[in-house]
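For reference, the structure is listed below as structure tokens.
The numbers here are math on the coordinates, done by the rules we state, and not lab data. It should be emphasised that the depicted structure is a prediction, and the values quoted were computed from it without experimental measurement. Cβ atoms come from the backbone with ideal geometry, glycine included; neighbour counts cover every protein chain shown.
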Amino acid sequence: MRTALVLVSAFALAACGSDPAPNEPEAVETPMPVEPDGGIGDGAGPLPEDVLANRIPTRFHGAWDYVGGTCDLASDMRMEISGSEILFYESVGIVTAAEAAGDAVIVDLAMEGEGETWQQRTQLMIEGQGSDERLLTSDGDLPPTVDEHPSKRCP
């Protein structure tokens, strides 16, 4: 009898702990929406690439060479652009900041090459489409100017 009383008391206490308080609403779990673009389901859409700090937007990524160049690795006008750096013929620029400027992006680069280091601010802009697509570069501290050496995208 004593054992039965102890078991009934234990079940009663366990049951009391699972009841919500009289004034508290019962928690209801709602599933997060699935996003059409495969997002993580938190309801937020993907960030526009220009919002991502210190990154060159993906539309600029790839290998580029002067329109009259061969796109060969040995071309002295060739550059390779990624989100975090620009590789030039004999130097490399690490992105320290990036900001949108309309359709262009202005990047601050920590440059290193031929035994020297320096800071460089460069504006990148893409003009045209397909085989007419051109990468235009200019000094990021000055208003955009005509690029006398536009680049084509390399295959």
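Quick notes
- Counting neighbouring beta carbons within 10 Å and listing from fewest to most, the residues VAL92, VAL146 come out as VAL146, VAL92.
- Distance between the modelled labels on VAL67 and GLU133, one decimal in nanometres: 1.7 nm (7 Å Cα→Cβ projection).
- Cβ crowding within 10 Å ranks PHE88, PHE60 as PHE88, PHE60, fewest other Cβ atoms first.
- Taking other C-beta atoms within 10 Å as the exposure proxy, LEU87, LEU73, LEU109 rank LEU73, LEU87, LEU109 from fewest upward.
- Difference of contour (0.36 nm per residue) and Cα-Cα distance, GLU114 to TYR89: 7.9 nm
- If R0 is 30 Å, the Cβ-Cβ spacing of ALA100 and SER75 corresponds to a FRET efficiency of close to 0.55.
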